[in-house]
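Below you'll find the structure, written out as structure tokens, and then a few comments.
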Amino acid sequence: MQTYFDTIVQEININRRKSCTLYFLLSISILSAQNIDDKIDSLMSLHPEYPESKKNIQIDLMRDLIDYTLVTNHKGKYKRYYLPLTLKEFKNQGRTYFYRAVNVSPNEKLFYWFYKNGNTWDVNSLIIKDLDNINADYDLSILQFQNQDLFIFKSNEANLIVVDEDVIKRIDYELDDYKGFSSVYINTKINNEKMTWSSLTNQNIQNVDILSLTIQLQNEKNEKRRKALADKIGALAAKSSTKNKALYLTELQVGDVNDDGELDFYWVAISKGQIHSYDVYSFSGKKWRNISNNLNTDLFLKNEEIVDQMEYTK
């Protein structure tokens, strides 16, 4: 039978274990903060070549960077689920940002980006839940608006706009009606009267070659091979469907659609030379509003990229 004294001793031991755990995590955080700059410097000495002979060192440094980010920025609530072997980079206003998005669970991603600030590295991150495609690859762009940086992570799955850790907007490509289209081309562009895209979603076409090549295209890093794969996909898709049965989704656009002085983020779906549907969010004062229902399609005609795609798809 447990006595009152036994209960007190048990509580003391529990609190002692909690204190030891907190001290251990705090020690890791402090220690990591002391040497993370040196580790990132070492990692950068391997970037972008990532020589095979240094692969083990590279893996250790990348692991330490992610673990440091999860412990320091997210209080150790998440564990590393996937370890990337390379980093992406983006230059903006004379500063180089290095970044990546990796899974910390089957449907949660850690987005982390860092840059050199004097002799130290500034490491930023966020975790987004309810992401379906664990293989989605994100590209970073940065936009200055009203004296603040907007970090935009784009992929075929979702577009994430980050103002700060409390103001994050996710814009998905959502369409109620895919029926009637043999294929949906995502993030389409027209370059020199030729269409390029980053993903082809087949609705009614059972063409294994297209699906296989599309996956290869998404994973391919070499630009020349990417172009060759895109050309092959384009040729196969042209045989399998006609423009009249295809839907073309623009990449995420940024601009003032309705000339109200506020920044808008939007994408447009085009078919048969006409705007099929669209989704528009306005951003002002760190607040988001869906203004899609307040617009008409004529407002998009001042966007030359959209007009080009409308002409191409006639």
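The values are calculated or read from the model by the stated rules, or taken from the named source; none is laboratory data. Please read these numbers as outputs of a predicted model, since none were measured by experiment. With ideal geometry, Cβ positions are generated from the backbone for all residues, glycine too; neighbour counts draw on all protein chains shown. Heads up: the accessible areas ignore ligands, DNA and RNA and are worked out on the full protein's heavy atoms, side chains in. Shrake-Rupley method; radii C 1.70, N 1.55, O 1.52, S 1.80 Å.
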Relative packing of 159-169, 248-258, 86-96, which averages over residues the other C-beta atoms within 10 Å, highest first: 248-258, 159-169, 86-96
Total charge dipole magnitude, region 219-277, about the Cα centre, Cβ charges on Lys, Arg, Asp, Glu only, Debye to nearest 20: 920 debye
Whichever lysines have a C-alpha closer than 17 Å to that of residue 227, once near sequence neighbours (fewer than 8 apart) are set aside: 189, 194
Tally of Lys pairs whose C-alpha atoms are under 30 Å apart, taken over region 259-314, 8 or more apart or cross-chain: 5
Helix-only [θ]222 nm of the chain, DSSP H runs n ≥ 4, -39500 (n - 2.57) each, per residue, nearest 500: -11000 deg cm²/dmol
Cα-based helix-to-principal-axis angle, 223-240 vs the chain, degrees rounded to 10: 50 degrees
Residue-by-residue Karplus 3J(HN,Hα) for region 211-218, coefficients 6.51, -1.76, 1.60, Hz, glycine and proline x: 4, 5, 5, 5, 5, 4, 4, 5
Partner aspartates and glutamates for residue 224 [C-alpha distance under 20 Å; skip if fewer than 8 residues away on the same chain]: 49, 89, 137, 139, 193, 209
Spin-label proximity, residue 260 to region 274-310 - amide N less than 15 Å from point 7 Å beyond Cα toward beta carbon: 279-297, 299-300
Fluctuation leader among 56, 124, 156 - the chain, Gaussian network, Cα springs under 10 angstrom: 56
Under Karplus coefficients 6.51, -1.76 and 1.60, residue-wise ³J(HN,Hα) of region 162-179 in Hz, glycine/proline x: 10, 8, 7, 5, 9, 10, 10, 10, 10, 10, 9, 8, 10, 10, 6, 10, 9, 5
Max mean-square fluctuation residue, GNM over the chain, Cα-Cα springs under 10 Å, options 39, 239, 79: 239
Principal-axis tilt of helix 55-74 within the chain, Cα atoms, nearest 10 degrees: 80 degrees
Signed unit charges on C-beta, dipole axis of region 143-217, positive-most listed residue 148, 190, 178: 190
Per residue value of the accessible surface for the chain (all protein chains in place, 1.4 Å probe), Å²: 57 Å²
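May I ask for the net charge around residue 306, where only other residues with Cβ less than 12 Å from the Cβ of residue 306 are counted and Lys, Arg are +1 while Asp, Glu are -1?
-4
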Extension gain (nm, one decimal) between residue 42 and residue 243, 0.36 nm per residue minus Cα-Cα: 67.3 nm
Under 5 Å, built H, 5+ apart or other chain: amide partners of residue 156: 137
Straight-distance crosslink candidates among lysines, where the alpha carbon sits under 16 Å from residue 79 and sequence neighbours closer than 8 are dropped: 109, 129
